[in-house]
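The values are calculated or read from the model by the stated rules, or taken from the named source; none is laboratory data. Just so we're clear, the structure is a prediction, and the values are computed from it rather than from any experiment. FYI the Cβ positions are ideal-geometry reconstructions off the backbone, even for glycines, and counts take in every protein chain you see. Each accessible area value is taken on the protein alone, full model and side chains, heavy atoms only, with ligands, DNA and RNA left out. Shrake-Rupley method; radii C 1.70, N 1.55, O 1.52, S 1.80 Å.
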Amino acid sequence: MSKPDDSDKAENGGPSAIEQYLVKDPERFALNMARMIEQAGKAASAWAEPREKGQVRDHVAEPVVDMVKTFSKLSEYWLGDPQRALEAQTRLFAGYMTVWANAIQKVNLNAEAPQDAVQPERGDKRFQDPEWGRNAFFDFLKQAYLVTSHWANELVEHAEGLDEHTRHKASFYVKQVSNAIAPSNFILTNPELFRETVASNGENLVRGMKMLAEDIAAGRGDLRLRQADYTPFEIGKNIATTPGKVVGRSDVAEIIQYDPVTETVLKRPLLICPPWINKFYILDLNPQKSFIRWAIEQGHTVFVISWINPDERHGAKGWEAYIREGLQFGLDMVEKATGEKEVNAIGYCVGGTLLGAALALLAQEGDHRIKSATFFTTQVDFTHAGDLKVFVDEDQVAAVERSMSEKGYLEGTKMATAFNMLRSGDLIWPYVVNNYMRGKEPLPFDLLYWNSDSTRMAAANHSFYLRNCYLENNLSRGVMELAGRMVSLADITIPVYNLATKEDHIAPALSVFLGSQFFGGDVEYVMAGSGHIAGVVNPPAARKYQYWTGGRPVGDFNAWLAAAHEHPGSWWTHWQHWIENQDDIRVPARKPGKRMKTLGDAPGTYVKVRV
């Protein structure tokens, strides 16, 4: 046998290109494969046992049926015309031929390296390992995958006659399938995973299957994908730590008043209405990121609504209950704690949508305590709603309602899964690979701890939201019925600060912009850099991103943006100036409990209920 050529050696002087994929200790590898199978059996048992006992009912068929229906409509266009179908197949075949020609050319060491048939999208981290380009086998897999996924996306993009909702769903489902079948997700088709498996003699797979069994058991039969190491975090200890007191408690909300840190405060207290889809402490993750703590430092007397994590008792609680027992109850507690009848209010995401509906109702009822309203990434018009609209049509809403009718609520894991699927390439598959194939524990991360802290959806509340907002767009049309009244956003004549974020996939900047036109008073529209979370939780000290301000939010959004002025850093200081322009009168600082009995320390008890 001839001596191996030096070119067979890895560039770093390590094992040859082939040797790094060969098992060095077959006995140990076989033993670990047996251990892996044992752990996989435990995972299967954790999945099957609650189903055998009737504790879990699968609803997988409903989304699969919807995906099949959507792809059927897409197929009708491409298969309805033989010429059109042939052209589509020819494009795919041509792409594969380019990949094949590239592979042949790369085998020829004297040939110039060819250009890839399709390049990964900017920011795609799946193919960073050098072997994806250096090794002919992995390079072929990568290019074939990219050609196929790019071709599938083009089928959706160029299909004529599809309504926008079907096109949106088709694009979403194509992305889910593409992300799922990526060669980076599998041991034998990912060079990095292959090398790690060989180097550890399969111990990574043993650890991974053990983690999979633990995560299925933690989800009581459903996979609860861990995205971070959650053990270092404890609410009230090192997360959500801003000092304060619970000053009120209803069936759906606790009202928290925070301790002041300035000698004087703005006369108008600040009441924050967060979304109930997630927990409020996204605004109080830690002292460096906390909007709540920062607002206190600027002289606000801050009150926050902490929503209940609902169970069977709350199934009939709809939007009116959340307004009366949450938002209006919060106003009552603010008045009782401070004596003030004029309040600044903030609503975040669906909490902002509830605030908008409540303001319209309260205007008709003569309750004018809220004197300014700030909306964080809030939609009041759902014509151009974000990616969550993929999950909303009559069939899907009816399916959700049937599911909720069994217990009176939607499981928190269902909403968490939906949100993760919107960015499955970032929030699902990297963790599947890291946890269950590499066998590595994810790192601690407070934001992902919050993301995993799911909340249930009360049946009446969630059904009202899906139908009146996403499905029928009743709020902006002035036909949403609350407390026996048809509410209209035009009745909201107080000043409004309407914050959007540039890269928001839940409440797109365009949607927030168009929603501004329905308010009856002056609207300050501001667009921040980044997305739904990072664009909002962006303290000035971080010196990150930017924000845009301009004229009135009317006309064409792109024209507004082209004429807008860009400012570096956080929008928080701009908002503070806007608040002070409404009313900058200051009074001595107010300490929780001075005027009323308190019910415990912040962050309260409701926020600590996990599902």
Distance histogram for region 450-508 (every C-alpha pair counted, 5 angstrom bins, percent rounded to whole numbers): 4, 13, 15, 19, 23, 17, 8, 2
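How would region 252-320 be classified by its alpha-carbon gyration tensor: rounded, prolate or oblate, with rounded meaning a/c under 1.5 and the a/b versus b/c comparison settling the rest?
Details: a/c = 3.35, a/b = 2.00, b/c = 1.67.
In terms of gyration-tensor shape, prolate.
What is the percent of Cα-Cα separations in region 122-265 that go past 25 Å? Display every interim value, and only then the final one.
Details: 6254 of 10296 pairs.
Of all Cα-Cα distances in region 122-265, 61 percent exceed 25 Å.
Find, among the chymotrypsin sites (Phe, Trp or Tyr not before Pro) in region 481-555, those assigned to loop by DSSP (not H, G, I, E, B) with at most 12 other beta-carbon atoms within 10 angstrom. Don't skip to the answer; put the middle values down first.
On the way: sites: 497, 513, 518, 519, 525, 545, 547, 548; in loops: 519, 545.
Of the chymotrypsin sites (Phe, Trp or Tyr not before Pro), not one in the loops of region 481-555 has a Cβ with at most 12 other Cβ atoms within 10 Å.
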Span from the region 285-325 Cα centroid across to the region 352-428 one, whole angstrom: 16 Å
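Just the Kirkwood number for region 527-611, please: inverse of mean 1/r across all distinct Cα pairs, in Å, one decimal.
Answer for region 527-611: a Kirkwood hydrodynamic radius of 16.7 Å.
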Exceeding the 20 Å Cα-Cα cut-off - candidates 389/502; 317/341; 73/175; 42/175; 245/597: 317/341; 42/175
Computed [θ] at 222 nm, helices only, for the chain once each DSSP H run of length n ≥ 4 contributes -39500 (n - 2.57): -12500 deg cm²/dmol
Per-residue SASA entry for residue 320, accessible area with 1.4 Å probe, Å² rounded to 10: 80 Å²
Lysines with Cα under 21 Å of residue 24, excluding same-chain neighbours fewer than 8 positions away: 3, 9
Value of relative contact order over the chain, rounded to a whole percent, pairs C-alpha under 8 Å and six or more apart: 17 percent
Theoretical FRET efficiency, 1/(1+(r/R0)^6), r = Cβ-Cβ of residue 534 and residue 199, R0 51 Å, to 0.05: 0.90
Region 317-436 pair-distance distribution - Cα-Cα, 10 Å bins, rounded %: 11, 30, 30, 21, 7, 1
Rounded to 5, the percent of DSSP beta bridges in region 191-344 classed as antiparallel: 65 percent
Relative contact order of region 239-388, pairs being alpha-carbon contacts under 8 Å that are 6 or more residues apart, as %: 27 percent
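Given the convex hull of the Cα atoms of region 250-390, what is a quarter of its surface area in nm²? Display every interim value, and only then the final one.
On the way: hull surface 38.6 nm².
Across all orientations, region 250-390 yields a mean hull projection of 9.6 nm².
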For region 476-539: Kirkwood Rh in Å [reciprocal of mean 1/r, alpha carbons]: 12.9 Å
In nm, spacing of pseudo-spin labels at residue 218 and residue 64 (7 Å Cα→C-beta vector): 2.7 nm
Shape of region 38-156, Cα gyration tensor, a/c cut at 1.5: oblate
Kirkwood-Stokes translational diffusion coefficient of the chain, alpha-carbon pairs, 20 °C, 1.002 mPa s, µm²/s: 79 µm²/s
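For region 93-179, what relative contact order do you get, as a whole percent, if you take Cα pairs closer than 8 Å and at least 6 residues apart? Don't jump to the answer; show the numbers that get you there.
Working: 54 pairs, mean separation 21.6, N = 87.
Over region 93-179, the number comes to 25 percent.
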